[in-house]
Amino acid sequence: MKLTEYRAIREAGKELGSKIFKYAVDNNKHELISAAKLLGLWNGKMFIFDSENDSETLMDFMVFEKSTQKAPAFKRFYMSNPELNDLEQEHINGIFNNYSSLFEVKSTDPIEHTIILEDLLDANRKEFVLMDIGMSKTARPGFIFYTRLIPIRDINMTSGASFIFDEIYKDKLLSAISLAAFKKRRKLTPAEMFILIHEKNRQYGMETRTE
């Protein structure tokens, strides 16, 4: 994908995400507070953001995860028959095929703005190509990513919120996931996984910059 195409689609995705978030909040303001509580971003009176990434995390959780409603916000938004331009329609098609997991960075290409990610939670360790201008410059092989991939055309983009850890935390993160699943006697739901990794990110994660 050409860089100009990437920037145009990513900008359309940001605008679409804002529309979905506004739709969810306008239709149920309590959902926003409920989501913030689950993420530890509500103290009973107000939102508490420890970093500039927390608001983006809350928005991503609201848009994509089925936390307090029967369907995630992006599905409810789409069912309302919104008017979308061509790029927004292309992006929401990708959103319906979004995939989140814990990945390890295998290689980066800052010239092509791509990262090769290996899925640590997939038995076959499937690899994905992620296009991201900021992270392709700052990430290095071995870094651990928890992110949501949006497949569009021949690459994947992130949904916006990503949690990044130094490679020394790889085993610690995998053990935390295994322990949480063992306690629940089942595989974690995507929302539960997001909440768990968000908690670990607040403890020993790294600042992220997507672009």
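Placing a pseudo-label 7 Å from each Cα along the Cα-to-Cβ vector at N28 and K187 gives an inter-label distance of 2.5 nm. For N124 and N93, a Förster radius of 30 Å and the Cβ-Cβ distance give a FRET efficiency of 0.70, rounded to the nearest 0.05. Potential lengthening of the chain between A176 and S18 amounts to 53.7 nm, from the contour at 0.36 nm per residue minus the alpha-carbon distance.
Taking other C-beta atoms within 10 angstrom as a stand-in for reagent exposure, R185, R140 fall in the order R185, R140, fewest first. Within segment 99-204, the proportion of Cα pairs with more than 17 Å between them is 51 percent. Shown here for segment 1-95: chymotrypsin sites (Phe, Trp or Tyr not before Pro) in loop regions (DSSP other than H, G, I, E, B) with at most 14 other Cβ atoms within 10 Å, namely F49.
With N as its number of residues, segment 1-103 has a Cα radius of gyration that, divided by 2.2 N^0.38 Å, comes to 1.14. Based on Cα contacts under 8 Å between residues 6+ apart, segment 99-204 shows a relative contact order of 22 percent. Packing here is the average count of other Cβ atoms within 10 Å per residue, and on that basis the peptides 50-59, 194-203, 170-179, highest first, run 194-203, 50-59, 170-179. When the scattering of the chain is computed by the Debye formula from its Cα atoms alone, each counted once and equally, what is log10 I(q)/I(0) at q = 0.07, 0.14, 0.16 Å⁻¹? The calculated log intensity ratios at q = 0.07, 0.14, 0.16 Å⁻¹ are -0.20, -0.86, -1.14. With the simple model of a label 7 Å out from the Cα in the direction of the Cβ, D109 to I168 spans 3.2 nm.
Calculated FRET efficiency, E83 to K2, Cβ-Cβ distance, R0 = 30 Å: about 0.65 to the nearest 0.05.
Readers should treat all values here as calculations from the given coordinates under stated rules, not as data from a laboratory. In this text the structure is predicted, and so the values were computed from the model without any measurement. Heads up, the Cβs are rebuilt from the backbone with ideal geometry, glycines too, and the neighbour counts pull from every protein chain shown.
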